[in-house]
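Shown next, in structure tokens, is the structure this report addresses.
The values are calculated or read from the model by the stated rules, or taken from the named source; none is laboratory data. Quantities reported herein were computed from a predicted structural model and do not represent experimental measurements. Cβ sites come from the backbone with ideal geometry, for glycine too, and all protein chains shown count toward neighbours. Just the protein is used for accessible areas: all its heavy atoms, side chains included, with ligands, DNA and RNA removed. Shrake-Rupley method; radii C 1.70, N 1.55, O 1.52, S 1.80 Å.
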Amino acid sequence: MLQETITKDRPVSRWLDFVVPQCWESFTTEDHTVWDLLFARQVDLLGSRVVSAFLDGIDLLRLSHPGVPELAELNAILEPRTGWRTVAVPGLVPDEIFFAMLSERVFPVGNFVRTRDQLDYLEAPDCFHDLFGHIPMLAHEDFAAMTEHVGRLGVAAIQAGKGERAARLYWHSVEFALAREAGELKILGAGLASSFGESHYSLESAEVERLPFSVERAVNTPYRHDAFQPRYLVSQSLERTVAEVLATTPEHLLAL
């Protein structure tokens, strides 16, 4: 959600203005089939390559249930657990709106799913990326708190004219992070968890840099949103990522 979108010419007001009905009943049989195909393929691909909290979240939220999840049913499980809820949006939203949503424990979900010929790559995130990639970790209390905090940091950074700092922190902690778990390198970020190609690439390619995670390094490390990443930041653990981000104040972020 970190680039200009079709809504760029629309006056930015409250994030509620960007919410639309999910219209779950409008998803076709083919849409549900594509979701099931994506889900089965990605779960099989990830195996034990993703942090255990992600797999726990899939089970807790019953995401393995066939078909595109209905947001109201999902929220009925997620919101009582961590205070997060999902809302439907028609596409990418501007950064200031996105961070404002996160700061209120609201996660925007595209109200569309990719087509069968887009299984391996989609430029704009669809509901599979948003729901499969992000929502399992929002059922983890500490990671949920960290994501809210990143939203608050983003709101402050944008108000100070330094939104790119929060965007980079978000990218390297929530979207494309790696972390060690029981001595093994694992996927932590949603962008990797939901990607068929980059999930393996991030862990196994000899062509990329894997650097130790720190908030300072994250804030100062550019990223690509149109290709596989040239470098990934690796934390000592999920808990370490959470602790470092939660310890970051807006003043500290802006000073880095």
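Structure notes:
- At R0 = 25 Å, FRET efficiency that the Cβ-Cβ distance of Ala124 and Asp17 yields, to 0.05: 0.80
- Sites Leu256 and Thr29 - FRET efficiency at Förster radius 45 Å, r taken between beta-carbons, to 0.05: 0.35
- Counting protein heavy atoms only, the chain has 51 percent of its accessible area on carbon and sulfur, 1.4 angstrom probe.
- In plain terms, the chain from Thr115 to Tyr201 could stretch by 28.6 nm, reckoned as 0.36 nm per residue minus the Cα-Cα distance.
- Stretched out straight at 0.36 nm per residue, the stretch from Arg62 to Leu246 would grow longer than its current Cα-Cα span by 63.4 nm.
- Per residue, the chain exposes 45 Å² of solvent-accessible protein surface, assessed with a 1.4 angstrom probe and all protein chains in place.
- Computed with the Debye formula from one identical point scatterer per Cα of the range 87-226, without solvent, the log10 of I(q)/I(0) at q = 0.12, 0.17, 0.20 Å⁻¹ comes to -0.49, -1.02, -1.39.
- Projected-area average for the chain over all orientations - Cα convex hull basis, square nanometres: 12.6 nm²
- Extension gain (nm, one decimal) between Glu104 and Ala72, 0.36 nm per residue minus Cα-Cα: 9.8 nm
- Among Phe98, Phe176, the sequence by solvent-accessible area, most first, with a 1.4 Å probe is Phe176, Phe98.
- Surface accessible to a 1.4 Å probe, Thr33 within the full protein complex, Å²: 60 Å²
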